[in-house]
1. Against the condition touching a Leu at 6+ places or on another chain (Cβ under 9 Å) and either of a type outside the set (S, T, N, Q) or buried (at least 23 other Cβ atoms within 10 Å of the Cβ) (or both), how does Ala197 come out, does it pass?
2. Cβ-Cβ below 8 Å, separation at least six or inter-chain, first residue in the range 240-269 and under 17 Å from Met323 (Cβ atoms), second outside any helix (DSSP H, G or I) and away from the ligand (no atom under 15 Å from the Cβ): which pairs?
3. Quick one: is Ser125 touching a helix residue (DSSP H, G or I) at 6+ places or on another chain (Cβ under 8 Å) and buried (at least 20 other Cβ atoms within 10 Å of the Cβ)?
4. What is the one condition in (1) out of contact with any strand residue (DSSP E or B) (no Cβ under 6 Å at 6 or more places or on another chain); (2) part of a strand (DSSP E or B) that Ile50 does not satisfy?
5. Got a sec? Which of Gly285, Gly275 is outside any loop (DSSP other than H, G, I, E, B) and within 16 Å of the ligand (Cβ to nearest atom)?
6. Please verify whether the range 137-147 includes one or more residues that are within 23 Å of the chain's Cα centre (by Cα), surrounded by fewer than 20 Cβ atoms within 10 Å (Cβ to Cβ) and assigned to a loop (DSSP other than H, G, I, E, B).
7. Test Glu70 against the stated conditions and say whether it is acidic (Asp, Glu), over 14 Å from Tyr391 (Cβ atoms) and buried (at least 19 other Cβ atoms within 10 Å of the Cβ).
8. For residues that are closer than 9 Å to His278 by Cα and in a loop (DSSP other than H, G, I, E, B), scanning just the range 313-329, find the one that is farthest from the ligand (Cβ to nearest atom).
Amino acid sequence: MIPEQRIHDLNEAGLADHEFRLRYLTDLLSRRTLDVQGVIQQLVDFQVAIPSWALGTGGTRFGRYPLGGEPRCLEEKIEDVGLLNQLNGSSNSISLHIPWDIPRDIPALQQLLQEQKLVIDSVNSNTFQDQKDQHYSYKFGSLSHTDQAVRQQAIEHNLECIRHGEALGAKTLTVWLADGSNFPGQQHLRRAYLRTADSLASIYEGMPSDWTMLIEYKPYEPHFYSMVIPDWGTSYSLCQQLGKQAQVLVDLGHHLPNTNIEQIVGRLLQFGRLGGFHFNGSMYGDDDLTTGSIKPYQLFLIFNELVDGARDQAVTNAAVAYMIDASHNTKDPLEDLLQSIQNILTSYAKALLVDREALQEAQENNDVVRAEELLRDAFQTDVRPLVAEAYRHSGGVLDPIAAYRAEGIREKLIQQRGKLSLSTGL
Ligand SMILES: [Mn+2]
């Protein structure tokens with residue numbers, strides 16, 4: 001943890017410039033009768049979870065280039081997220097990946113979470129690879145497998161994840177199913193779906209009544225001919241069969257190029273089935289790039305749907321759980337996460353500036369240019385002073401990446417944990 005006095009000193013240097021820019025923007029937006037303090041408060045309240053597997057260097061199947069100082073255990077992963085949250089006040093929760101993050105000493109972990117001002121967001125099951133002590137292989141599927149014994153093993157793993165989560169106060173199970181097939185004819189497409197629905201029902205039955213099951217979809221990879229849950233329609237149909245505690249999870253990278261993701265978000269909000277959102281960025285597919293690094297306008301349009309849904313009384317969707325789900329191959333993972341949060345909050349702030357009454361009027365009158373210009377006007381506003389002010393309100397720093405570097409945090413982590421320390425769960 002960085003001492004509070006040091007946070008204050010770090011902010012002092014940039015404070016005069018920040019206040020000048022914030023005053024200018026506040027004046028400008030107030031002329032449009034925008035509640036600037038209200039916008040800042042909404043940015044302060046916005047929280048995005050950090051998954052335990054995002055704290056180490058990722059890689060591709062061609063290689064991995066670790067930079068040292070990676071967290072070696074769950075406790076160190078919690079400390080890293082606590083540090084990020086101290087810098088920007090926007091990531092107060094951590095998502096666990098079982099089996100890597102199985103909690104051992106529950107009271108000690110609870111105390112650490114309290115010290116770091118963090119909570120456990122969700123537990124994520126893993127049936128996409130075999131573990132050493134596992135009886136049956138998932139090579140040909142898990143929840144969809146042709147053999148009942150393999151399905152049962154995968155069901156029990158998910159129930160075990162719930163038990164671990166319960167011990168630490170989590171209330172969400174995220175299921176991403178890697179099952180599918182690589183060649184035509186390999187798998188009976190309808191029967192694989194039915195077996196999956198049955199397996200999910202068994203997990204759902206074993207879930208406490210205040211828990212949510214998030215069902216994630218992905219069009220390809222690891223399987224390249226068919227995935228059992230390839231799209232939001234399949235996730236949605238499974239949720240409909242399971243019940244109210246099941247919700248669809250949208251992962252930005254899990255779409256084919258040019259998919260209109262904001263429309264999917266709008267649809268799911270309308271149906272009250274948008275349970276979670278995974279942020280990342282992509283150029284070609286599930287590339288796991290920094291959120292907002294390639295398509296910032298798309299990220300803004302997605303937030304525009306979320307804000308629009310949140311303000312519409314006809315939309316009864318429950319609160320959406322946000323998480324960053326990316327792999328960091330070339331950047332320092334902690335800097336990458338700070339950049340991601342910056343881009344997420346920037347997009348959210350811009351969406352909060354949209355003049356919704358004027359937009360609705362333009363839409364009703366089929367004034368295409370006016371409607372588009374209203375969105376572009378919000379998108380092109382430089383909202384960085386609002387985001388920086390939100391960080392400061394939360395006890396963080398005006399410029400998290402500059403502070404991270406000024407504090408030499410990576411160097412300190414390498415000193416403590418070693419140059420060769422490797423994170424798990426990637
Ligand atoms: Mn994901």
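1. Yes.
2. Final answer for the pair search is Gln247/Thr212; Gln247/Arg273; Gln247/Ala318; Val248/Arg273; Leu268/Asn317.
3. Yes: the conditions hold for Ser125.
4. (1)
5. Just a single option satisfies the conditions, and that option is Gly275.
6. The answer is no; no qualifying residue exists.
7. Yes; evaluated as a whole, the condition is true for this residue.
8. Ala326
No value in this document is a laboratory result; all are computed from the given coordinates. What you are looking at is a predicted structure, and each value in this text was computed from that prediction instead of being measured. All Cβ positions, even for glycine, are placed from backbone atoms using ideal geometry, and neighbour counts span all protein chains on display.
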